[in-house]
Amino acid sequence: MLPDADRVRLQYMLDAALEVMEFAQGCTRESLHSSKLLSRAIVRDLEVIGEAASRVSAESRALVPGIPWAAVVAMRNRLIHG
């Protein structure tokens, strides 16, 4: 059973991922580069996913092994600090 805090964080991750998919639907690389609003919205959601992932407990991460946790958090760090 997942702790409530982790359940909320996983829901944030899911909501942000669904939003990215919605924003990116029908987009090309060109449209992503030409729309600052679109690219910033997608980057922001990726940051949210990474931040939430970084706060999920190790015990809960072990229960959801299909998520590449380290890679998700590393992407967030690159986006924020790079």
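Multiplying each eigenvalue of the alpha-carbon gyration tensor of the chain by 5 and taking the square root yields semi-axes of 26, 13, 10 Å, largest first, rounded to whole angstroms. From helices alone, the chain scores -25500 deg cm²/dmol at 222 nm; the rule is -39500 (n - 2.57) for each run of n ≥ 4 DSSP H residues, then divide by the residue total.
Charges only on Cβ, +1 for Lys and Arg, -1 for Asp and Glu: so what's the dipole of the stretch 4-81 about the Cα centre, in debye to the nearest 20? Display every interim value, and only then the final one.
Working: 10 positive and 10 negative charges, 57 e Å.
For this selection, approximately 280 debye.
Using a Gaussian network model of the chain in which every pair of alpha carbons under 10 angstrom is joined by a spring, one finds that among Ala16, Ala53, Ala41 the greatest mean-square fluctuation is at Ala41. Between Arg29, Arg55, Arg40, the Gaussian network model of the chain with springs among Cα atoms under 10 angstrom shows the greatest mean-square fluctuation at Arg29. Selection among Thr28, Val56, Gly66 by position relative to the dipole of the chain gives Thr28 as farthest towards the positive end (Cβ unit charges, Cα centre). Residues considered: Ser39, Ser60, Ser31. Largest GNM mean-square fluctuation over the chain, using C-alpha springs under 10 Å, is found at Ser31. Model label points for Ala5 and Arg44, set 7 angstrom from Cα along the Cα-to-Cβ axis, are 2.6 nm apart.
Every read-out reported here was derived from the displayed coordinates using simple, explicitly stated rules and does not represent laboratory data. Note that this is a predicted model, so its numbers are computed, not measured. In this analysis, Cβ positions are derived from the backbone assuming ideal geometry, glycine residues included, and neighbour counts consider all displayed protein chains.
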